[in-house]
Every structure is written in C-alpha cells, then in structure tokens.
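The values are calculated or read from the model by the stated rules, or taken from the named source; none is laboratory data. Values in this document were obtained by computation on a predicted structure and should not be read as measured data. Note that we place each Cβ from the backbone using ideal geometry, even for glycine, and neighbour counts take in every protein chain shown.
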Amino acid sequence: MTPRPKKPEYKRPSQGPGSQARSLSLEQMIRIGIAAWDRDDFEIALENFSAVIKKNPGFADVRNKAGLCEAMMGNPQAALEQFDAALGINEDYAEAHLNKAIVLNEMGRFDDAQVSFKRAGELDTRDNPVFPSDGGNRLAIAHARTGDIYLAADRPAEAAIEYEKALAVRARFADIRSKLAEAYLEVGRIDDARTELETILETRPEFTGARMRLGVVLHRQGDLEGARCAWEQCSEECPDDTRVRAYLAGMEALPANGEAG
C-alpha cells in the first residue's frame, strides 16, 4: 500500500451506489473503481468496489481494494475488516497480508503487524524468488496489459505469449490466468483453455467468470451436461447475470462445437 496524503475524514453516505452503478456489470464497476483510485477519488472507488462486493462477495482482490480505500479515508477498522475478508477467501493473498500489516502498524498494534509482515514476506517470494514484492507484481501486470492490447487487436496468439510471461512471474494471479484461457479459446486451444480454467477453480471456486467460461469450453467440447452444470452453478451465484440466463436458455440451439456467445 503506497502511502498517500490523507483526505479529510470521510462520512459514509446513508444510501448505497446509485441506479447507474447498479446497472453496470461487475467488470465495469471494477474498472471505474480502479480509475477512481488512480486519481485519489477514494469515495467513488469504494462506492464501486462495495457495489461489486454486494453482488459477489467472493472477490478477494476487490475486498483488498475496498480495504485500501477505507485505509486512505481514515477508517482503519473498516479497512482491517476488508483485508480479513479477502484473506478469508484467499489466505495466501500476500498483498492483503502486507496491507493489513501496514494498517495495524499505523494503529500501534505492532505485535499483530509483525505477524502479518512475516506472513506477507513468506508468501512474497513463493511464486518467483527472482521477482519478489511490488516489482514482480508490476512486471506481471505489464505483461498482462500488453496481452490485453494484443487481444483487443485480434491477435490472441501474441496475447497468450504475454499472459504466459505474466504467469511465469505471478502464477497465482487468477485474473491473468483467466485471460490466458480466453486467448487459448480464440486460437482454438480448447484443451489448454479448460486446463487453465480448472486450475483457477481449484483454488478460487468463487470465481464465477472462470466457471462461466468453463461452461463455454465444455459446450464446445460436446460435454453438454457439464456445461449445463457449470452455468447453473453460475446462475445460483449471480442470479442477475443475463449472460448465464442466455447460455442456459439458448443451450439446445447452440451447436456443440460452436461459441456460446
């Protein structure tokens, strides 16, 4: 957590995000929240992250981001609650341990902070001891962003190479692994896409987006029952997601070897 100038004490609004925020997808709200964080608009960032958490409380990274917002707005106890929630989802989330340690240290809870600092340090070099800490994170994200550009330019093979480089540095970044699976799908590497998505779900069963894409992969492989089960589970987790309803409603009309939208 990079120290920034403290803002005036924030008073939480009595109502949640407006109707416009509620009409956005989870991905859109996360992007808006990150953009607001980057310009130090912590109130708007928290509003969007909170809206995402309300719809799907199982996103550890969003919980961590919400905790950062709370910390920057002078609400350390609320920040700790979000970091603890993130760690309840993924106990090996090194960044959440580090952020928790910083907040505990600022609160004067030095012994507790030391425990969190130690755990963060243990996890920090687990994936790749050559690229520990923030430097490794930035390198992985840089490769992923380059992959995003290739994917947007309809160059999935080049995108896959960049995502693979990112995961060589930070193998536990599930969002990047999901993008790699998407690139594999685009180039027809269906079995590899399935492997990546199943790898995500082994440690992040709450990652609904990965399960949704797994349903697409299973459908393209001809496993219609497997696809149906995957999408029905997604529907239970995110009943308002229109994509899941569309997949299930149009399932019989979709060719077994075709793309599910």
*Is it the case that some residue within region 182-195 is part of a helix (DSSP H, G or I), in contact with a Gly (Cβ under 7 Å, 6 or more places away or on another chain) and over 19 Å from residue 27 (Cα atoms)?*
no
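Please count how many residues of region 106-118 are modelled with pLDDT under 85 and surrounded by 14 or more Cβ atoms within 10 Å (Cβ to Cβ). First the steps, then the outcome.
First, pick out the residues of region 106-118 that are modelled with pLDDT under 85: 117-118.
From what is left, the residues that are surrounded by 14 or more Cβ atoms within 10 Å (Cβ to Cβ) are 117.
The qualifying residues number 1.
Looking at this structure, is residue 218 outside any loop (DSSP other than H, G, I, E, B) and either out of contact with any Asp or Glu (no Cβ under 9 Å at 6 or more places or on another chain) or surrounded by fewer than 14 Cβ atoms within 10 Å (Cβ to Cβ) (or both)?
Numbers: outside any loop (DSSP other than H, G, I, E, B): yes; either out of contact with any Asp or Glu (no Cβ under 9 Å at 6 or more places or on another chain) or surrounded by fewer than 14 Cβ atoms within 10 Å (Cβ to Cβ) (or both): no.
No.
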*Can you tell me how many residues in region 61-74 are of a type in the set (A, V, I, L, M, F, W, C) and touching a residue at least 40 places away in the same chain (Cβ under 8 Å)?*
4
*Looking only at region 228-252, and only at residues there that are in a helix (DSSP H, G or I), surrounded by 14 or more Cβ atoms within 10 Å (Cβ to Cβ) and among the hydrophobic types (A, V, I, L, M, F, W, C), the one that is farthest from the chain's Cα centre (by Cα)*: 251
*Check residue 173 against each of (1) touching a Phe, Trp or Tyr at 6+ places or on another chain (Cβ under 9 Å); (2) at pLDDT below 90; (3) crowded, with 17+ Cβ neighbours inside 10 Å; (4) of a type in the set (A, V, I, L, M, F, W, C) and name the one condition it does not meet.*
(1)
_Only listed residue being surrounded by fewer than 20 Cβ atoms within 10 Å (Cβ to Cβ) and over 20 Å from residue 136 (Cβ atoms), chosen from 193, 157_ = 157
*Select from region 77-105 the residues that are over 17 Å from the mean Cα position of the chain (by Cα) and modelled with pLDDT of 95 or more and write down the one among them that is nearest to residue 34 (Cα to Cα).*
79
_Where a residue in region 138-153 is in the same structural domain as residue 176 (by TED's automatic domain parsing) and under 10 Å from residue 167 (Cα atoms) and its partner, wherever it lies, is in a helix (DSSP H, G or I) and small (Gly, Ala, Ser), with Cβ under 7 Å and at least six apart_ = 140/166; 143/166; 144/166
*Across region 44-87, which residue is surrounded by the fewest Cβ atoms within 10 Å (Cβ to Cβ) among those that are touching a helix residue (DSSP H, G or I) at 6+ places or on another chain (Cβ under 8 Å) and among the charged types (D, E, K, R)?*
84
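Could you run through region 175-202 and say how many residues are touching a Ser or Thr at 6+ places or on another chain (Cβ under 8 Å) and over 18 Å from residue 222 (Cα atoms)? Spell out the reasoning first.
Of all residues in region 175-202, those touching a Ser or Thr at 6+ places or on another chain (Cβ under 8 Å) come to 177, 196-197, 200.
In the following step, the residues that additionally are over 18 Å from residue 222 (Cα atoms) were identified as 177, 196, 200.
Selection size over region 175-202: 3.
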*Is there a residue in region 96-103 that is out of contact with any strand residue (DSSP E or B) (no Cβ under 8 Å at 6 or more places or on another chain) and within 28 Å of residue 240 (Cβ to Cβ)?*
yes
*Quick check: anything in region 156-169 in contact (Cβ under 8 Å) with a residue 24 or more places away in the chain and part of a loop (DSSP other than H, G, I, E, B)?*
no
